[in-house]
Amino acid sequence: MSVNTVDNGPTVLEEPTSPIHPVAPYPPLETHLEAVQSRVARRRAAGGRAPEVYGFVAWLMTLLVYITYVFWAIVPDQMIQSIGIAWYPAREWAVLLPAWSVVLFLTAYFVYIALGIYSTPPFSDTSTFTDSRAYFIPRNTESSQTEENPYLRFSDSHEIPAPYDIPTSLVNRVLYGRRPRHRDLSVS
């Protein structure tokens, strides 16, 4: 309990974490250090987080399956039958299952590559060199009347160009020069 002095005289205020305070959370709030310590204590008491437990169980099950597989593949039939196991798969499956697993694993690589090739657009499609996010220089009417190409205003060596996408036709013209016009050489 704390005492504050106001114009009307001393008044008693409730603790902000008491159950009778109108906006107090109940149970009382823990400090950060107490919260961390209680979480650590609960985790130690519980024995670990769920992913750790699931991972350990998955590891144990994998180990059990592997030991069973090796036992089935290596131990002679008489020994397996003497334990009381009357039916088990033929021994050829001890070789077929790993072989098919490897083939399935390698096939998954080829399928993944084939899906990538299938989803690639053809070279003639414009989406191979531009997309909906391309930001080209805006062509305003004033600039088009005074200059032929709006990109020429960035050709000054002291100019810092704005971040625009350059059209593919301009890149090709700079790299390869103008394409000569081909005459129609058809034989008549």
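The values are calculated or read from the model by the stated rules, or taken from the named source; none is laboratory data. In this text, all values refer to a predicted model and were calculated from it rather than measured experimentally. Side chains are part of the model used for accessible areas, which takes the heavy atoms of the whole protein and leaves out ligands, DNA and RNA. Shrake-Rupley method; radii C 1.70, N 1.55, O 1.52, S 1.80 Å.
General remarks:
- Check on residue 123, hydrophobic (A, V, I, L, M, F, W, C), at pLDDT 70 or above and in a helix (DSSP H, G or I): no
- In segment 72-120, residue nearest to residue 168 (Cα to Cα) [restricted to those that are open to solvent by 100 Å² or more (accessible area, probe 1.4 Å) and part of a loop (DSSP other than H, G, I, E, B)]: 92
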